[in-house]
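A.B. asks: There's a structure below that I have some questions on.
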Amino acid sequence: MPPRRWPAARRARELLIFLVVVVLSASAGVSTTLAVRQAGPANQAGSWLPADEAEQAGPAGMNDENVYDKVEPGIVDVNANLQYLEETAEGTGIVINAAAGLVLTNNHVIDGATSVTVTPVASGQSYQAKVLGYDRSADVALLQLPSAAGLKAVSIGHSSSVTTGTPVLAIGNEAGQGGSPTVAPGVISGLDRTIEASDQTDGFTEILHGMLQTNANIRPGDSGGPLANAAGQVIGMDTAAGGSAVYSGYAIPIGQALSIASRITAGRGSAAIHLGLPAFFGVLLPSSNSPDPQQQASQERQQAGSVVSRLIGCSTGDITAAPATVAPAKAGALVDEVLCGTAAASAGLHAGDVIISIGAHAVTTPASLTALLGGYRPGSTTWLTWVSPDGNSHAALVTLNAGPAG
């Protein structure tokens with residue numbers, strides 16, 4: 001089903017961008033929508049519309065203009081500043097509580113963000129957003145605009161009562177261009193779908209469950225935007241798109257997303273739900289479970305070869321997968337790279353150092369350091385000890401930074 005645009009004065013679409021994860025926008029940022037690598041069958045309780053029927057099914061009873069007019073006042077553009085990548089990412093958000101300034105979006109829209117700016121499309125005025133929390137496993141994030149005035153929340157529908165063939169309209173910030181949202185009509189072609197989606201820029205992959213499947217043409221930049229029914233009620237949050245032979249878009253059921261948002265606003269963190277921004281030290285660590293730093297470096301080289309990191313480190317020259325020299329520590333977390341302007345840089349750490357303790361706790365592997373940092377809040381002060389490649393031991397009192405998010 002070819003996408004339709006409303007109003008008529010829309011930007012021209014870029015062809016085939018749904019086949020990739022992100023595309024460069026005019027502002028040298030990236031617009032976000034996850035690419036679907038694999039879509040599993042619906043659960044027994046779910047149902048789906050065959051591809052040929054979904055292609056032929058039209059949005060009967062859908063008045064695009066009427067739905068757009070109802071939903072558009074509650075849509076915002078989301079701009080995430082990825083400081084350590086020296087780029088930005090653009091997506092969409094949905095106002096779910098105007099009085100409290102609460103905005104729902106995808107976690108992958110803000111993943112890696114050191115700051116987030118939100119612009120309600122109705123007013124065009126930008127606000128600095130506070131990250132209240134996020135659930136990486138469900139790809140849901142909740143933002144707050146503490147000082148925004150004149151917000152209007154969208155009308156929420158019942159995603160649990162959605163059936164295949166239901167006409168829908170996907171609305172979003174296509175290609176991160178900002179301004180008036182773009183639209184794409186379609187129908188619900190599947191329920192309770194499980195998908196494997198990926199972000200090809202950083203290799204991040206996630207499995208998402210219970211998704212609504214649609215033939216509405218969801219595009220990069222639409223992530224976090226509303227999937228609305230014919231009554232102008234939001235029933236899903238646009239999240240992913242792709243497919244080889246047959247295109248499909250996917251949205252998180254709004255009831256599922258709001259359940260996570262409610263737990264965040266109630267301050268109920270969990271293993272999946274993170275409240276606020278995390279404490280951040282500012283080092284890149286190997287993807288290794290070995291306690292031996294030499295083995296960590298070896299595994300990192302085997303996995304990534306000489307691929308240069310996209311993150312902005314403090315070392316001069318290329319940033320390779322692992323440092324050339326490694327501190328002679330028996331166990332700990334190898335430092336692959338130190339990010340400029342962070343607590344690690346201020347303390348004097350460098351690539352090749354091995355962190356052996358934080359606070360009163362021994363660091364035995366990279367994962368143990370990550371777990372220990374999870375017990376701190378931004379602004380916390382703690383002692384850190386490490387060994388440098390020349391074999392000398394060092395200690396410093398460090399104040400942890402905030403973020404990045406996601």
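A short reminder: the numbers here are calculations on the coordinates, not readings from a lab. Since we're looking at a predicted model, the values are computed, not measured. Positions of Cβ are backbone-derived with ideal geometry, glycine not excepted, and every protein chain shown enters the neighbour counts.
A.B. asks: Could you check the simple spin-label distance between Cys340 and Ser287, using points 7 Å along Cα→Cβ, in nm with one decimal?
C.D. replies: Rounded to a tenth, the inter-label distance reads 2.7 nm.
A.B. asks: Also, I was wondering about something else. Please give the residues of the stretch 264-281, grouped as numeric ranges, whose backbone N is less than 14 Å from a label point set 7 Å along the Cα-to-Cβ vector of Ala100.
C.D. replies: 264-269, 276
A.B. asks: Another one. Could you tell me the extents of the stretch 279-402's C-alpha atoms along the three principal axes, largest first, rounded to whole Å?
C.D. replies: So the extents along the principal axes, rounded to whole Å, are 35, 28, 25.
A.B. asks: Straight-line reach from Lys152: which lysines have Cα under 24 Å away, leaving out those fewer than 8 places along the same chain?
C.D. replies: Hits, sequence-local ones excluded: Lys70, Lys130.
A.B. asks: For Thr325 and Thr364 in the same chain, what is the full-extension length gain: residue separation times 0.36 nm, less their Cα-Cα distance, in nm?
C.D. replies: Once the chain is fully extended between Thr325 and Thr364, it gains 12.1 nm.
A.B. asks: Okay, moving on. At R0 = 45 Å, how high is the FRET efficiency between Asp69 and Ala402 if r is their beta carbon distance? Nearest 0.05 is fine.
C.D. replies: FRET efficiency, Asp69 to Ala402: 0.70.
A.B. asks: Next question, about the same structure. Calculate the FRET efficiency for Asp390 and Glu86 from the Cβ-Cβ distance with a Förster distance of 30 Å, rounded to the nearest 0.05.
C.D. replies: 0.45
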